[in-house]
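Notes for the one structure printed next.
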Amino acid sequence: LFVNSGSLNETDKQQGLAHFLEHMAFNGTKNYPGDSLVAFFKKIGMDFGGDTNAYTDFGETVYYLNLPDEKLMKEGISIAADYAMNMLLALEEIEKERGVILSEKRARDDIDFRIQYQGFQFAMPGSIVANSLPIGLEDSIKTFKREEFVDYYQTWYRPENMALIVVG
């Protein structure tokens, strides 16, 4: 599932929200509340991270599934539909995932990341790209409210901003 929205669609206050929302797709949807989606993936032999994952970049968020059997196609389409329009965004799940996002941010804060960031600052000073890295800002990640997730989700996760690509 391709969503035509990433960090360049965020306001200054929202930096990191698109990426955080991407994580929330795996933390409860209408048809898979709580952690039941990850449990389902494991039950059918999928490796979370290898067979199913997502990423957020400057201009896009992409979710992918590598289903182990074509008989699961209907289920796969249903899961993509849940990502697109049925995330629950439960407050307790947001709070649990907040620590995961902050840990990911710390893990990425290495020399390569710092060189990339400085390169953006040098090549594009003051530009939206140089100041809108998908991982976001620590202060924002720590304080996002549920309403901000809902607003971003309703604004950008719309049919005209998405494409579902199926390959078999």
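The table that follows gives values for the structure above.
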read-out: Test for Glu70: is it more than 16 Å from the chain's Cα centre (by Cα) and either within 23 Å of Ser5 (Cα to Cα) or at pLDDT below 95 (or both); value: yes
read-out: Output for the range 141-154, where each listed residue is without any contact (Cβ under 8 Å) to a residue 40 or more places away in the chain and either of a type in the set (Asp, Glu) or closer than 21 Å to Val62 by Cβ (or both); value: Glu147, Asp151, Gln154
read-out: Meets criteria (hydrophobic (A, V, I, L, M, F, W, C), touching a Phe, Trp or Tyr at 6+ places or on another chain (Cβ under 7 Å) and in contact (Cβ under 8 Å) with a residue 40 or more places away in the chain) for Val129; value: yes
read-out: Residues located in the range 1-13, provided they are crowded, with 20+ Cβ neighbours inside 10 Å and in contact with a Ser or Thr (Cβ under 7 Å, 6 or more places away or on another chain); value: Val3, Ser5, Gly6, Ser7, Glu10
read-out: Single match in Asp47, Asp57, Asp35 (criterion: open to solvent by 30 Å² or more (accessible area, probe 1.4 Å), touching a residue at least 12 places away in the same chain (Cβ under 8 Å) and among the acidic types (Asp, Glu)); value: Asp57
read-out: Positions within the range 60-107 being free of Cβ contacts under 8 Å to residues at least 60 places away in the same chain, charged (D, E, K, R) and farther than 24 Å from Lys145 by Cβ, in sequence order; value: Glu60, Asp69, Lys71, Lys74, Glu75
read-out: Asp109, sole failed condition from (1) open to solvent by less than 40 Å² (accessible area, probe 1.4 Å); (2) acidic (Asp, Glu); (3) at pLDDT below 95; value: (1)
read-out: The range 155-168 - residue that is assigned to a helix (DSSP H, G or I) and more than 16 Å from the chain's Cα centre (by Cα) and, of those, surrounded by the most Cβ atoms within 10 Å (Cβ to Cβ); value: Pro159
read-out: Count of the range 132-154 residues which are in contact with a helix residue (DSSP H, G or I) (Cβ under 8 Å, 6 or more places away or on another chain) and in a loop (DSSP other than H, G, I, E, B); value: 6
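Per-residue answers, yes or no, for (1) loosely packed, with under 13 Cβ neighbours inside 10 Å; (2) farther than 21 Å from Leu17 by Cα; (3) touching a strand residue (DSSP E or B) at 6+ places or on another chain (Cβ under 7 Å):
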position: Leu67; (1), (2), (3): no, yes, no
position: Lys71; (1), (2), (3): yes, yes, no
position: Glu75; (1), (2), (3): no, yes, no
position: Ser78; (1), (2), (3): no, yes, no
position: Ala90; (1), (2), (3): no, no, no
position: Glu97; (1), (2), (3): no, no, no
position: Gly119; (1), (2), (3): yes, yes, no
position: Ser127; (1), (2), (3): yes, no, no
position: Pro134; (1), (2), (3): no, no, yes
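The values are calculated or read from the model by the stated rules, or taken from the named source; none is laboratory data. This structure is a prediction, so every number in the text was calculated from the model and none was measured. Glycine also receives a Cβ, built like all others from the backbone with ideal geometry; neighbour counts cover every protein chain displayed. To get the accessible areas, we keep the full protein, side chains included, count just its heavy atoms, and leave off ligands, DNA and RNA. Shrake-Rupley method; radii C 1.70, N 1.55, O 1.52, S 1.80 Å.
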